[in-house]
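Notes follow the structure.
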Amino acid sequence: SDPGRAIAALRELRALGIGTVIDDFGTGYSSMSYLKRFSLTKIKIDRSFVQDIPDSSQDAAIIKAIITLGHSLSVKVNSEGVESEEQVKLLQSWGCDEWQGYLFSKPVSGDDIEELINNGDHSLLQAKKTNVVNLRQAGFN
């Protein structure tokens, strides 16, 4: 309820090396003023913009604008909801820094990640590595 106090706390966390991310950017309560007020390290573009590329020129224009905006503020940009190699190729060509979505892995809970790591089950990590290798072989960096 005290924005000044919240901003100060976020700056302190940033000084400790802990980043701040705006999730689902472009929807709901993710106001443009947050870009100015908070010490952000990353913007995550909502999947609702990503899901219809390459078919939607409007979504493509919005994504490109968010990437340009983020980079001009020295903020990394992540795209959520990536489900195809074609989407990765476009996002990469537009300068998007990171991608996430079913192309790489289904959602996994914190408990499941802990269990996978503790039990030595690295199949999820291997699946992600395989997708990254396949993308590199297809010409993605």
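A few notes on this one:
- Boolean, residue 2 is farther than 17 Å from residue 101 by Cβ and among the acidic types (Asp, Glu): yes
- Scanning segment 19-55 for residues that are modelled with pLDDT under 85 and of a type in the set (A, V, I, L, M) returns 21, 22, 32, 35, 40.
- Of the criteria (1) outside any helix (DSSP H, G or I); (2) open to solvent by 80 Å² or more (accessible area, probe 1.4 Å), which one residue 52 fails: (2)
- Within segment 109-141, the residues that satisfy the criterion of being at pLDDT 70 or above and loosely packed, with under 12 Cβ neighbours inside 10 Å are 109, 110, 111, 114, 118, 119.
- Counting only residues that are aromatic (Phe, Trp, Tyr) and under 20 Å from residue 88 (Cβ atoms), segment 11-70 holds 2 of them.
- Inter-residue pairs, beta-carbon under 6 Å, first touching a residue at least 40 places away in the same chain (Cβ under 8 Å) and in segment 64-88, second open to solvent by 80 Å² or more (accessible area, probe 1.4 Å), 6+ apart: 80/47
- Output for segment 55-73, where each listed residue is under 14 Å from residue 22 (Cβ atoms) and open to solvent by 60 Å² or more (accessible area, probe 1.4 Å): 73
- Inside segment 74-108, residues that are among the charged types (D, E, K, R), open to solvent by 60 Å² or more (accessible area, probe 1.4 Å) and not in a loop (DSSP other than H, G, I, E, B) make up a count of 4.
The values are calculated or read from the model by the stated rules, or taken from the named source; none is laboratory data. The shown structure was predicted, so the numbers you read here are calculated from the model rather than taken from an experiment. Heads up, the Cβs are rebuilt from the backbone with ideal geometry, glycines too, and the neighbour counts pull from every protein chain shown. In case anyone asks, the SASA skips ligands and DNA or RNA and just uses the protein heavy atoms, side chains included. Shrake-Rupley method; radii C 1.70, N 1.55, O 1.52, S 1.80 Å.
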